[in-house]
Structure formats: C-alpha cells, structure tokens
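Trainee: Sharing a structure here in structure tokens format.
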Amino acid sequence: MLRRALITTSLCCLGLSAATGLTAEPALTSGLNSFGGPGLIEMPFALAHPDGQLSVTSSYFQNNLRNTLSFQITPRLSGSFTYANITDITRGTEVVELFDRSFSLHYQLADEGVWQPALAFGLNDVLGTGVYRSEYVVATKTLTPQLRVTGGIGWGRLAGVGGFTNPLGLIDDSFETRDARDGNLGGEVELDQIFNGPAALFGGIEYQATDKLKFILEYSSDDYPYEGESSFDYRSPVNVGLSYRPRPDLDLSARYLYGSQLGLQATFFIDPKSARAPSGLEKAPPPVRRRSAAELGWPQDTGWAASPAERDTIALQAAQILTAQGIDLVGLVLKPDHARVEIINDTYLEHPEAIGRSARAMTRVLPASVQQIEVVLVVNGMPASATTLQRRDLEDLEFAFDNSWSIFARARISDAPGPLAPLPGSYPRFEWDLGPYVTPSLFDPDAPLRADLGVELNTRYAPAPGLLFRGQLRKKLIGNLDETTRQSDSVLPRVRSDYNLYDTEADPRLTELTGAWFFRPGRNLYGRVSAGYLEQYFGGVSAELLWKPVTSDFALGVEANYVAKRDYDMLFGFQDYEVATGHVSAYYEWDNGYFGQIDVGRYLAGDWGTTLKLERTFKNGWRVGAFATFTDVSFEEFGEGSFDKGITVTIPIGQVTGQPSRDTYTTVLRPVQRDGGARLDVSDRLYGLVHDAHTPELQESWGRFWR
Amino acid sequence: MNMRSGLLKPLSLALLLIVSACARPAPPDLRATLTRAQIDAFEQPLILVELPQLGSSATLIPVARNGDVQTWSTADGVGLSYERGLPVATRGLGVDLMGADVTGSLAALNSGGGTTAYYPRFHSHLDGAQQIRYLSFQCQITGRRAETITLIGQRHAVQRIDETCHLPDARVENSYWRGIDGTLWRTKQWLSEDAGYLITERLRK
C-alpha cells in the first residue's frame, strides 16, 4: 500500500538524492581516525563533523582494537569515548592484556578561510588511566577541491617521534618537563601535565579520488611506547590508507600502519536531525468538520447542553473517534460554547500531534454552538497543561500553508491545576505487556561484554486518576552476568558495587513493585508519593514535589526517600542497610537545544554531594548527554574511576521506525559502577513526566499539530 | 460518525481500493490492473495518484470537504487534500506536504491564457528535526496546448497547461490537463525534494 511501500522506498530515495547532490567534482569527505575522533588515519585534523552527528567506530590492527562513540557536541566541540582492548601491552616490566577506557575532546578554534587554515586543539584521554594521554594543536587547509593538508604539533604520547624541547618553554620553563602520571585511579584530569614536556610534529595529506574513495598519507608522531615492541612490530612513522564511503552514513577504511600492520576500520554515522520518514507513517488525521452557514446562524441551538442523553451521546462519540486516533478520552466537560477534553496521549511522541488530532476529532462530534475546544493533557492522573483553541481557527487554518504557526499564535496554553472531570468508565485502567529484555554489562575487566537476555512482564494499574500501581517481573532465559566472580572491594556501603551478587541470586526477579499517588498541590506544583520495591536494589518510600510553571524553561524540585537495601534474591526481603536519601534539583532547558540539571543532596551510600548533567536535546526527541557526581567521598575511597560519571543517549523509537510511538530507548554508558554518588532509581520522576507537555517543548514540536 | 465508513463497502470495492504498487525499481502500473467497467460500477468519485520518486501509487475516494478543499483517502488511511484540484496537504506519506498556498496557480490556470506574469506558490513540510520548512516558489505559465488524453479507457479533450516554478536552487515543471468545463483530469505537481512529483488522475467525477 501507499504507506508501506514508503518504508522501503524512502531509504532508496534518500540515497538517490544524496548521490545526485554530488556532481562532477568529488567533494572531500570528513574523516575519523582510528581513535574515533576527527582525523586522518591515526592523527587528528582541524575539522569538525556536522553539528550533532554521532559516530560509532570500530578499528583494528594487530592486537589493538578500539571501539569509539563520538559526538559533535556543539558545532566546534566534539567528544569521543573509546573502549580499547590491547593485547600484549608492556606495563612496567610486565606484558599484559589491557582493557582501557578513554575520553577525548576536540575543539575547533577557527574555520577555514580563503588563506587561513582551520585550527583546532584536542585533549586525548583526559580522564582515563592514561595509556593514550596526549594533547595537540593542529591546522588543516584545503588546497584544491580534492586535496587537503594537515599539520600539527603534539605533546605527551604524540611527541614520540622526533620530539624536541617544548616551544611553550618560552612562556614558562615548567612546560619543558612532563612528570610521570601520579598513578591515579582514573578520572582525574591532572591539568598540570597538559601541553607539558617534549613536543613533536605530525601531518598528512588527503586526496579525494572519487565521490566515494579517498586516499590518505600521514606522518604519525605516536611511537607506540607501550605497544611498539610487545604488541606489534613498530618500524616506521608513515601510514597510508584509503577511506571508502559506499553510503553517506558508512565509512570503511583500510590502511597500512607503521611499516608492518594492516589496519581496518568501520564507522557508522548517525544524524539525530534526520529521520527516515520525517512526517511519520501514521494514518491521516480526522478531517476538520466545517460548520455550515446555517449551523452558525442565530440563535444558536444550545438545547443539547441541557439534555443528559445528548451529552452522553457526544461523550460516547468523542471517546470512539479519539480511540481510533490512539488517544484516550478520560474526561469531558461540555458547556454550550466550550468543550474541555481531557486526554491521555500514549501514542504520539510529540504532544502537539495528539492535541491537534483531538481538536480536529472533536469538531466532528461537537454541536455547532461550541466555539472553544480546550485539550487537557493528563499525565499519570495529573492535568499537565491545557491548550484552548478557537473552533473557527481550526476550520479556517486546516490547509493554510503556514497553518502550524498560525494556529500556535492563536492557541492559548495554560496551567490546568484544577480537578479533572473523569468520564464514567475511564477508570480503572490496566495495561500490561510481555516482552524481551537485555541487560548488557560493558567494561568488566575480565570480560568486556557480558549480558543477560530474558522476558519481562510489565503491568500498570490505575484504579483512579492519580493512583498508579506498577510491577515488573523478569525471568532470565540465557546469559552470563552471573559468571562475574569479581568481588566488590568497595570501602563504602555496597549500594551498587555488589551487583554481581544480585545477578547470581535473583532469578526470577521482581525489579519493581510500587504504588504511587500523583497530585497537583496547587498552581505550578506537582506531587508524587511512591512506596514499595522502588528499584532493583532498594525499596521504601519516596516523595517528590516539583515547581514548574507551564511557560517556564526552569524548574525546581525536591525529593526525599527512606529506603532499605533489598535481598540478593530480589524478591520481598530486605537487608540490614537503611538510608535516608534525597535531593534538591534544578532543571533548565536552554532555547538552543541544551538541557542542564543539578542535583544536590545525599546519595545512597550516605555521601553528600552534587550531580551535574548536561544534555544536547534535539527537537525530535534525541538526547545525548553526560553526567558527573562529586560527593564527600574521596577519590581514594571511591576507588577506580575516582568519581561517578557517564554518558547517556536517548533515542526516540518512532523517529527510527517512522511509526508513531512514545517509546524511547535510553542507554547509560558508565565506565565503572561504584558506590559513591549513587542515586535511587525511582520511576516516574515528575520533571520527566510533565516537561514535554509544557509550552517550551510544545512550541518546539508544534509543527506536528496538523499531522 | 466514522469518517472513513465510506471505505467499508463491499469487498469488490475494497479490492479496487487496495490495489497499489509497492515494488521497485519498476512499479507495476496500477492503471493496467483497472478497467473502465470496474470504475463505472464504483458509484463514487475516484482518483488515482502516483508518486514516481517514492515508487507508490493508489486509488483514493473522497472523505471530507472543508470549503474549497477536498480530502481523499486511500484504503490504508493515507490522506491527500486538493484545493480545486491542486494539492495542499498530504498525510501519511512519511514526507508529507503539511500545507500549501496555491492561490496564484489557481488564478493563473483560470485566467484563460495570454499572461506570462510571475506569481508565488508556497509549500510547507516537516524536516527530520520536526521543524516546519517553507518552500517559496516563483511560478509562471509556460505553455498551453490542446491535447487528448485517455484515462483508463475514457478519452478527454483537454488543454494542457504547463507551469514552471523556480526555487532558489532548483526549477520544477508542473502540468495540468484541464477539461473544457474546468475539470482538472490530470495533474503533475512537484511537492518537495523528498516526495518528488505527485501525479493525480481523475478516474470518476
């Protein structure tokens, strides 16, 4: 059919248009080096990737495997997280296998001009244990449309070949020496070493032969000090390679490295700002019913409003037509000239689409005297916002070319703290689903990738508006998480680090069983009280209050919990560890696509501190961010990694499949899970529930109102 | 109350509606599977649309009218809306036309000829970040000539009107096959880079 055909064909079309965009002259493609950062083969260059681009890179040459997730955080700043597996690396006097995590930053200082080259600097392995630690300043200039040259100066590991005295010594003598690492546990920046010690030059040339094929020659200043004898045979600093791009989102590279090794690399590019089917593949919305001139005559017939039978008929018809749109009608207030429609949107990622469909559907069932349609978004039994639309605007603007902006200008979005008007029969609500789950465990030094796979049963039961019971039961089918033998060496209360004891003993496991009450204490305020088995490792009570005006980019919240550690069988019992934990949180959504959150309070191990979180938020629901927690636990007490930190990626499922869905997939990449700075993982935190029903985010996705 | 109750007609009609072409690169021609007898037996208006770039085609029936805009639907719920024969919205293509202003084109089509003045045309669509993007065309009638076309066994004497529309970085050619009474029996209109051309044929008035 028309829609289904498009799922398969739109991809081909994208490929076609991209190919036709490249005409006679091959344009130089960007590139990623073997560490996944912007660069040549092993060396960096001074260019940036397209803003917001995510890339996943895997590169290999003898005994050296690197997997990198790289993200262009801003137009100039990119960050890369690399997980490397090096066999036969020399550490001190031993030859060992090493699993190494490193994080690198690349910042473009200047764009390329007519004469001026692009200029960038970078810090490699800023936080890890330092195998790849280095810094560089690099310049890149495009000479002809097919030829680009790069030259740079490196410090640290990038000063391994032809090193000379640090020119920064002219500024201060202390730049000339680079101390050995302090031998920290990872996580510390050790700013005093950056750009210190000897320096060396590196460089390279790229030649774009065809649209898809690029040749690269480079001179590497990395002499592989730890690997160059035991891991492979280092002979020469010159590398040659080719990069082949069969599709715009795929790069395959092959290279001959250091005079002895064949290397291979594959990179997959993801642009969160693109979509396979931007406007979605869901069915057409219900058309607006325009009232006839006769219906709009005077006097208006309002007799229906006094007739319970007619009102019941309208409510029934409204429920039917909204259900057909995947929208649940849970409340309805009918007045002669005004209808208030209370809906639950579990279907469309962007609430404006649900608001638009509800309003259009209501034009088909409401008597002609109703002039205003007010759509209230209900979230976990709380009214989160009310959008009031003039029915005449819906009739007039349905097909205007600027219909989305026009209707937004005429819509009134306000807080709706008042009580709901539940329709008889809309509660209780019960939902359940049975599906697979996967819990991967990355970065275990003994086995870098472990996972469990099984089935999970999810249930949600809402007996009345605002009351919600949740349960999640998991049964493992296959997996090896229980093979972890590594015992926690934590000196803190073991609130997270004995996860392997849970993995071994809990099957089946009750991951969540809670009752929660959601309520609106007043204007701009939202409340939650939860009790039960709140998360995998802890149970107890949790209470939260959020202040979030409907038009505001800013929100404040406070959460208090009293919890006990659950038994390792993850069923009903508790262990002998109880803690009061809670936070004060501030949330801010910048206009230009960034989200920041600060939590200050007490963590599960009883430590006090602060979590900082910064996310790049895309208007279509993609989010890429990082967080770090600093508490009064010292780096030594914390152990490996020094403090809790990680990277989060949230993918809206519907954006990938084209089908409407509010499901998102969030993954947290945490280099190491320790006990310091651990926060309770309770469901349904209020900010996450209500923020996308408020004006700033409704406005961002309002283009879907007429979809 | 079900706005698409019109689709729940006897099976033979459903079959007629469901017929569509999915395969690429050469979609089987939907026109070859339809006969005039089938269309005549079908007691309501019917259009056939084709999106060559998307490799799709389907037949549609009318489901709603708002002023001058008629909305049509395929059996699987894709909606196309035309203002007096010119597309102003698509819903469900994945690369939809969200809205359009075609008043300039309509006026030029109905002006009777002779003018080569430029007039604007506007389209809007959603990009991958869910933002509305506007296309602003400058258009001009570039040709009118008499033709005879045959739509599934039915011949129409028409005037073919060609319209050239300029974008800042591209040029597209729209065509209209207009009957003596003003009916647009066939049109070929460009929607957007992702959707390409939309061909619409009026099989039954």
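Trainee: I'd like the orientation of helix A:351-365 relative to chain A: the angle between its Cα long axis and the longest Cα principal axis, in ° from 0 to 90, rounded to 10.
Mentor: It is inclined by approximately 20 degrees.
Trainee: Work out the mean other chain Cβ neighbour count within 10 Å for the residues of A:391-400 and drop it here as an integer.
Mentor: Numbers: counts 0, 0, 0, 1, 2, 2, 1, 9, 17, 8.
Mean number of neighbouring Cβ atoms from other chains: 4.
Trainee: Grab the beta carbon distance between A:Thr87 and A:Ala409, set R0 = 51 Å, and tell me the FRET efficiency rounded to 0.05. Walk me through the intermediate numbers first.
Mentor: Values: r = 63 Å, r/R0 = 1.23.
Calculated value: 0.20.
Trainee: List, in the order given, every pair from A:Lys565/A:Lys645; A:Lys619/B:Lys188; A:Lys141/A:Lys273 whose Cα-Cα distance in the structure shown is over 30 Å. Don't skip to the answer; put the middle values down first.
Mentor: Details: A:Lys565/A:Lys645 22 Å; A:Lys619/B:Lys188 34 Å; A:Lys141/A:Lys273 28 Å.
In this structure, A:Lys619/B:Lys188 lie more than 30 Å apart at Cα.
Trainee: So what's the back-of-envelope 222 nm ellipticity for chain A, counting only DSSP H runs of four-plus at -39500 (n - 2.57) apiece and dividing by all residues, rounded to 500? Before the final figure, lay out each step's value.
Mentor: Numbers: 10 runs with 93 residues, N = 707.
It lands at -4000 deg cm²/dmol.
Trainee: Give a residue-ordered list of calculated ³J(HN,Hα) values for segment B:173-180 (Karplus: 6.51 cos²θ - 1.76 cosθ + 1.60, θ = phi - 60°; whole Hz; x for Gly, Pro).
Mentor: Per residue, the Karplus-derived 3J(HN,Hα) values read 10, 9, 9, 10, 10, 10, x, 4 Hz.
Trainee: Where does each of A:582-595, A:346-359 land if you order them by average Cβ count within 10 Å, highest first? Could you put the intermediate results ahead of the total?
Mentor: Values: A:582-595: 15.6, A:346-359: 25.3.
For the peptides A:582-595, A:346-359, the packing ranking is A:346-359, A:582-595.
Trainee: Now for a different question. Quick one: 3J(HN,Hα) in Hz for segment A:151-162, Karplus 6.51/-1.76/1.60 with θ = phi - 60°, rounded, Gly and Pro as x.
Mentor: So the J values, rounded to whole Hz, are x, x, 10, x, 10, x, 4, 7, 10, x, 10, x.
Trainee: Could you compute how much accessible surface B:Leu167 exposes when probed at 1.4 Å, giving the result in Å² to the nearest 10?
Mentor: We get 20 Å² for B:Leu167.
Trainee: To continue, here is another question. Dipole magnitude of the protein assembly as shown about its Cα centre, charges +1 at Lys/Arg Cβ and -1 at Asp/Glu Cβ only, in debye to the nearest 20? Walk me through the intermediate numbers first.
Mentor: Details: 85 positive and 106 negative charges, 955 e Å.
That gives a dipole near 4580 debye.
Trainee: Quick one: compute the contact order of segment A:234-310, relative version, from alpha carbon pairs under 8 angstrom and 6+ residues apart, as a percent.
Mentor: Values: 66 pairs, mean separation 14.8, N = 77.
After rounding, I find 19 percent.
Trainee: If you don't mind, there's one more thing I want to ask. Within 10 Å of each Cβ of A:321-330, how many other protein chain Cβ atoms are there on average?
Mentor: On the way: counts 3, 0, 0, 3, 0, 0, 0, 0, 0, 0.
Taking all residues of A:321-330 together, the mean is 1.
Trainee: Taking the Cβ of A:Gly169 as the center, what net charge do the other residues with Cβ under 14 Å away carry, scoring Lys and Arg +1 and Asp and Glu -1?
Mentor: -2
Trainee: How high is the relative contact order of segment B:134-187, in percent, with contacts defined as C-alpha pairs under 8 Å that are six or more residues apart?
Mentor: On the way: 102 pairs, mean separation 15.7, N = 54.
RCO, segment B:134-187: 29 percent.
Trainee: Shifting gears a bit: Please find the FRET efficiency linking A:Leu250 to A:Val541, where r is the Cβ-Cβ separation and R0 is fixed at 51 Å, and quote it to the nearest 0.05.
Mentor: Values: r = 50 Å, r/R0 = 0.98.
It comes to 0.55.
Trainee: Can you compute the label reach from A:Arg429? Point 7 Å from Cα along the Cβ direction, backbone N cut-off under 19 Å, restricted to segment A:369-390.
Mentor: Residues passing the 19 Å test: A:374-387.
Trainee: Right, here's the next one. So what's the angle, to the nearest 10 degrees on a 0 to 90 scale, between helix A:308-323 and the longest Cα principal axis of chain A?
Mentor: It is inclined by approximately 20 degrees.
Trainee: For A:Glu395 and A:Asp446 in one chain, what is 0.36 nm times their gap in residues minus the Cα-Cα distance, to one decimal in nm? Working shown, then result.
Mentor: Details: separation 51, 0.36 × 51 = 18.36 nm, distance 6.48 nm.
So the chain would gain 11.9 nm between A:Glu395 and A:Asp446.
Trainee: What is the set of long-range amide H partners of A:Glu42 at a cut-off below 5 Å, with H atoms built 1.01 Å from backbone N?
Mentor: Under 5 Å from the amide H of A:Glu42 lie the amide H atoms of A:Ser34, each far enough along the sequence or on another chain.
Trainee: What angle, in degrees between 0 and 90 and rounded to the nearest 10, separates the Cα long axis of helix A:2-21 from the longest principal axis of the Cα atoms of chain A?
Mentor: 40 degrees
Trainee: To continue, here is another question. Once R0 is set to 51 Å, what does the formula 1/(1 + (r/R0)^6) return for the Cβ-Cβ distance between B:Tyr134 and A:Leu217, expressed as a FRET efficiency to the nearest 0.05?
Mentor: Working: r = 45 Å, r/R0 = 0.89.
Working from the Cβ atoms, E equals 0.65.
Trainee: Continuing with the same structure: Keeping every protein chain in place, order A:Leu434, A:Leu109 by accessible area at 1.4 Å, biggest value first, i.e. largest first.
Mentor: Values: A:Leu434 115, A:Leu109 85 Å².
From most exposed to least exposed: A:Leu434, A:Leu109.
Trainee: Turning to a different aspect of this structure: Starting at the first residue of segment B:99-105, write each ³J(HN,Hα) from the Karplus equation 6.51 cos²θ - 1.76 cosθ + 1.60 with θ = phi - 60°, in whole Hz, x for Gly and Pro.
Mentor: Whole-Hz 3J(HN,Hα) from phi for segment B:99-105: x, 7, 10, 10, 4, x, 5.
Trainee: With the crude spin-label approximation of a point 7 Å out along Cα→Cβ, what separation in nm comes out for A:Arg523 versus A:Tyr207?
Mentor: Reported label-point gap for A:Arg523 and A:Tyr207 is 7.2 nm.
Trainee: What dipole magnitude, in Debye to the nearest 20, does segment B:94-160 give about its Cα centre under +1 on Lys/Arg Cβ and -1 on Asp/Glu Cβ?
Mentor: Working: 6 positive and 4 negative charges, 67 e Å.
The calculation lands at about 320 debye.
Trainee: Also, I was wondering about something else. Suppose the chain between A:Ala580 and A:Asp179 were pulled fully straight at 0.36 nm per residue; how much longer would it get relative to their current alpha carbon spacing? Please list the in-between numbers first.
Mentor: Details: separation 401, 0.36 × 401 = 144.36 nm, distance 4.33 nm.
Extending this stretch completely gives an extra 140.0 nm.
Trainee: Please give the Cα centre distance for segment A:52-82 versus segment A:528-557, rounded to the nearest Å.
Mentor: If you average the Cα positions of each part, the centres end up 35 Å apart.
Trainee: Other chains near A:270-279: what is the mean number of their Cβ atoms within 10 Å of each residue's Cβ?
Mentor: Values: counts 0, 2, 2, 5, 3, 7, 3, 8, 12, 16.
The mean count of partner-chain Cβ atoms within 10 Å per residue comes to 6.
The values are calculated or read from the model by the stated rules, or taken from the named source; none is laboratory data. These figures come from a predicted structure and were not determined experimentally. Neighbour counts run over all protein chains shown; Cβ positions are idealised from the backbone, glycine included. Keep in mind that these areas ignore ligands, DNA and RNA; they rest on the heavy atoms of the full protein, side chains included. Shrake-Rupley method; radii C 1.70, N 1.55, O 1.52, S 1.80 Å.
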